[in-house]
Amino acid sequence: MEKVTIGNVVPLGVNTLGDGSLDSLRNQLSRQHSAEEKQSFENGATSSKIDDWHLHIPEAEEALVKRLTLGARKHSPTNWKKGGKEFVKARYGHLRKHLSHLVSSRGATNPKEDDDIGAILCNAAFLAWYRKNKPNVYLAAFKELNGEYPEPDTQVEL
């Protein structure tokens, strides 16, 4: 069973309860879904109560979509979904680079040159997608970011 522990860093969304395995994480997510609050509708229809999507921030969505559009034109619309462990590590690096630049510039970046906030949101969105859709790739990347490498004879290509 693969452990989710990654040095002293716990990747976003990783189960910190249970035994730390991927199976434990999947079971936790399944329990969360079955325990969701239900919402009732007319004629007795029910559904899981959804998050309050009306709380979204249009300015953040705009910055994200502009950055995604830039990438789609340069690389293709879904190119980022093809990546593996090294791609995930690069997304984390790009997120940190833009966050550092935003902080060091005291927020005075010019969005027409390079929108740091859009880049941060975009890379965070990619990481969120990998965490949900390619969890083994996501976890392997964060293990390496924390200096944990598989033994040479057990290395799995991701």
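For the reader, a short list of remarks on this structure follows.
- Total residues in the range 66-86, condition surrounded by 14 or more Cβ atoms within 10 Å (Cβ to Cβ) and under 18 Å from the mean Cα position of the chain (by Cα): 7
- First in the range 47-66 and modelled with pLDDT under 85, second anywhere and of a type in the set (Asp, Glu), Cβ under 6 Å, 6 or more apart: Ser48/Glu36; Lys49/Glu37
- Test: residue in the range 91-104 that is part of a helix (DSSP H, G or I), surrounded by 15 or more Cβ atoms within 10 Å (Cβ to Cβ) and more than 18 Å from the chain's Cα centre (by Cα): yes
- Scanning the range 125-135 finds one or more residues that are of a type outside the set (Val, Ile, Thr), touching a Phe, Trp or Tyr at 6+ places or on another chain (Cβ under 6 Å), assigned to a helix (DSSP H, G or I) and within 30 Å of Lys38 (Cβ to Cβ).
- Test: Asp114 is more than 27 Å from Leu145 (Cα to Cα) and either among the aliphatic types (A, V, I, L, M) or modelled with pLDDT under 90 (or both): no
- Check on Arg31, at pLDDT below 85 and farther than 22 Å from Pro150 by Cβ: yes
The values are calculated or read from the model by the stated rules, or taken from the named source; none is laboratory data. Nothing here was measured: the structure is a model prediction, and the numbers come from that model. Every residue, glycine among them, receives a Cβ derived from its backbone with ideal geometry; neighbour counts consider all protein chains shown.
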